[in-house]
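S.K.: Have a look at this one before I ask anything.
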Amino acid sequence: MLYLIIFYVLSLAGYLTVSIEPLPHVVIGDTVTVKCNFQTDGNLREIVWFRVIEGGSAKQKIFTYDAMYNTSYSHLEDNRRQEDLVYQSTVRLPEVQMEDDGLYECHVGIYDRNSREKVILASGSIVLTVIVPPKSISVVAANSPAPFSRYEAQNFTLVCIVKGAKPAPMVYFKRDGELIDVVPTAKSPAGLRSSQVLTSRDIDDTKVQKSLSLLEQEGKLARLGQDGPDGPDGPDGPKQGQEQESMSVPKSTTEVIPETVVSREFPRWVQSSDPLYYFQHWQQVAGDGTMEVRAMLTWSLNPQLDNEALFSCEVNHPALSMPMQAEVTLAAPRGPKLTMSPSKAKVGDTVRITVQGFQLGPSSEVFPEPMFTWTKVGGRLLDGSEEHDGRELVLDRVPAELNGSMFRCTAQNPLGSTDTHTRLIVFGESVCGTQLASICMKLGKNEKLHGIYLKMSLNPKCYIYRIGQKLY
């Protein structure tokens, strides 16, 4: 935005006109030359350039030409011709910054024809506008991480954050390269219901078939831990086999169970529709004078159609030669990859089971960020809790009784949910075994050791038996 003021002085003492050539917006870091043109039939006395500061309450002198002393003639271009008497004074501002933005004035003085003791003054002014391109652009999911909704539709919001621009840029969204037709809204549409969705798009038959096949497999997949802590065979059924398993030494430290998908099927409530996209926009001034802009796109999520959809946020700005963009691909998690440390856990070690990534799929990343929940198949975790949230599960001072335990990691985001299981193998002697010697000493010197044996099981308690009688 440019404001140009031209002063014209005409009298018997001579005439003087002053004007400053218009300037386009100047991109930060560029070099700009401001030109002051003046026309007179008198003799030049001085030229002074000012920069108006402090909201117009003060002026900073940036250039002076004094005809009496001719101190800065190199900055003055004299294009005087006899018929029009035109002069031009230029000021060059190299690598302009934000602080160079503002009002500039060119003041010119000529001698009065009738008296050299008098000076006729005129001035012109112009506003230099420095624009700054956006420094960063990113797309995030609001309220992330969030769970997968199996039974009802939920709204999903993408937030495009643009920082460091001046003036504020124009922000818009695209889906799969096509501009999204949005409905502007002043309030967040958090209360939108699935009944407000407008229909127009057909469901992909391949995805329907895939979802039905997954639904059929759900009944066939192993539902570990879903039949209670004692298993499907009752309290006494599988214990004998567990005892044998715990006493044997496996060949590998961990046994990775193939991925068990529990909720990758698409929900029944999804409609074959294109949703209404609601657009919300706000901006605020940052401390450095630039603008931070947040644009929000909200719609009723359809996991069947939106999975693997490419959304991009693009900005137009006068300081950019082409749009700036950030893009994300919506993707449900596909089987988290788990690592265990140490690789050979011993009794008393602290074991960490960590999510290191996901199985390769059409998309190399999972967006939005998934939430992770850990459970122990068939019982509670070591600390007594039913579940643990986070990318890592820490088991402090693992006992031998955890040998062979199965742990489940559930990864989910609004587009889907998936499970991965891993088995913990604990090497080393049971805590009960390490305490056997000290317990036996308490039995007395005359006690025969061959009459004492240790009963080991997966139970958290450990008992020392004399034949036919429990001692501890």
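The values are calculated or read from the model by the stated rules, or taken from the named source; none is laboratory data. Owing to the predicted nature of the structure, the values given are computational and were not obtained by experimental measurement. Note that we place each Cβ from the backbone using ideal geometry, even for glycine, and neighbour counts take in every protein chain shown. In case anyone asks, the SASA skips ligands and DNA or RNA and just uses the protein heavy atoms, side chains included. Shrake-Rupley method; radii C 1.70, N 1.55, O 1.52, S 1.80 Å.
S.K.: Restricting things to alpha carbons, find the Rg to Rh ratio for the stretch 336-424 using the Kirkwood radius for Rh.
M.R.: 0.99
S.K.: Also, quick follow-up: Given 0.36 nm per residue, what is the gain on full extension from Glu117 to Gln60 after removing their alpha carbon distance, in nm? Walk me through the intermediate numbers first.
M.R.: Numbers: separation 57, 0.36 × 57 = 20.52 nm, distance 2.64 nm.
That pair, Glu117 and Gln60, stretches by 17.9 nm at full extension.
S.K.: Do any of Lys344/Lys376; Lys35/Lys135; Lys35/Lys59; Lys61/Lys135 go past 25 Å between their Cα atoms, and which?
M.R.: Over 25 Å apart, Cα to Cα: Lys35/Lys135; Lys61/Lys135.
S.K.: Let me know the charge dipole size of the stretch 336-424 about its Cα centre in debye, to the nearest 20, where only the beta-carbon of Lys, Arg (+1) and Asp, Glu (-1) is charged.
M.R.: Values: 10 positive and 11 negative charges, 78 e Å.
Dipole magnitude for the stretch 336-424 comes out near 380 debye.
S.K.: Could you give the length gained by full extension between Val183 and Arg294, i.e. 0.36 nm per residue of separation minus their alpha carbon distance, to one decimal place?
M.R.: Details: separation 111, 0.36 × 111 = 39.96 nm, distance 1.62 nm.
Once the chain is fully extended between Val183 and Arg294, it gains 38.3 nm.
S.K.: Provide the gained length on full extension for the span Trp282 to Ala67, in nm with one decimal, where the gain is 0.36 nm per separating residue minus the Cα-Cα distance.
M.R.: On the way: separation 215, 0.36 × 215 = 77.40 nm, distance 5.34 nm.
Taking Trp282 through Ala67 to full extension adds about 72.1 nm, to one decimal.
S.K.: So what are the ³J(HN,Hα) numbers for the stretch 388-399, from phi and the Karplus equation (6.51, -1.76, 1.60; θ = phi - 60°), rounded to whole Hz, Gly and Pro as x?
M.R.: 9, 9, x, 6, 9, 10, 10, 10, 7, 6, 4, x
S.K.: Now for a different question. Go ahead and run the numbers for FRET between Met98 and Arg352, Cβ-Cβ distance against an R0 of 30 Å, rounding to 0.05.
M.R.: Numbers: r = 48 Å, r/R0 = 1.61.
In this case the efficiency is close to 0.05.
S.K.: Sorted from largest down, give the three principal axis spans of the alpha carbons of the stretch 285-326, whole angstrom values.
M.R.: 43, 24, 11 Å, listed from the longest principal axis down.
S.K.: Around Tyr15, which amide H atoms from residues at least 5 apart in sequence, or from another chain, sit under 5 Å from its own amide H, with H modelled in the peptide plane?
M.R.: Here the answer is Asp41, Gly42, since their amide H atoms fall under 5 Å of that of Tyr15.
S.K.: Got a sec to turn the phi values of the stretch 283-289 into Karplus ³J(HN,Hα) couplings, 6.51 cos²θ - 1.76 cosθ + 1.60 with θ = phi - 60°, whole Hz, x for Gly and Pro?
M.R.: 8, 8, 7, 7, x, 8, x
S.K.: Further, regarding this structure: With θ taken as phi - 60° and the coefficients 6.51, -1.76 and 1.60, list the Karplus ³J(HN,Hα) couplings across the stretch 91-101 in order, rounded to whole Hz; mark glycine and proline as x.
M.R.: Result, ordered by residue: 10, 9, 10, x, 6, 4, 10, 4, 6, 7, 5 Hz.
S.K.: With bins 10 Å wide starting at 0, give me the P(r) of the stretch 16-131 over every alpha carbon pair, in whole percents.
M.R.: Result, from short to long distances: 13, 43, 31, 11, 1 percent.
S.K.: I would also like to ask the following. Averaged per residue, what accessible surface does the stretch 336-424 expose to a 1.4 Å probe, in Å²?
M.R.: 44 Å²
S.K.: I want to check the label-to-label distance for Glu387 and Glu369. Put each point 7 Å from Cα in the C-beta direction and report it in nm to one decimal.
M.R.: 1.9 nm
S.K.: What number do you get for the stretch 276-368 when its Cα radius of gyration is normalised by 2.2 N^0.38 Å, N = residues?
M.R.: On the way: Rg = 20.8 Å, N = 93, 2.2 N^0.38 = 12.3 Å.
Expressed relative to 2.2 N^0.38 Å, the Cα Rg reads 1.69.
S.K.: Is the C-alpha gyration tensor of the stretch 85-168 telling us rounded, prolate or oblate? Criteria: a/c under 1.5 is rounded; beyond that, a/b larger than b/c is prolate, otherwise oblate. Numbers along the way, then the final one.
M.R.: On the way: a/c = 7.62, a/b = 5.11, b/c = 1.49.
Since a/c reaches 1.5 and a/b is larger than b/c, the shape of the stretch 85-168 is classed as prolate.
S.K.: Shifting gears a bit: What FRET efficiency would be calculated for the residue pair Leu310, Tyr151, taking the C-beta separation as r and a Förster radius of 30 Å, to the nearest 0.05?
M.R.: On the way: r = 28 Å, r/R0 = 0.93.
With a Förster radius of 30 Å, E is 0.60.
S.K.: Please list, ordered by chain and number, the residues whose modelled amide H lies under 5 Å from the amide H of Ala165; skip anything fewer than 5 residues away on the same chain.
M.R.: Long-range HN contacts for Ala165: Lys135, Met291.
S.K.: Could you work out what % of the accessible surface of the stretch 336-424 is carbon and sulfur, using a 1.4 angstrom probe and leaving DNA, RNA and ligands out of the count? Working shown, then result.
M.R.: On the way: 1710 of 3940 Å².
Reported share for carbon and sulfur atoms: 43 percent.
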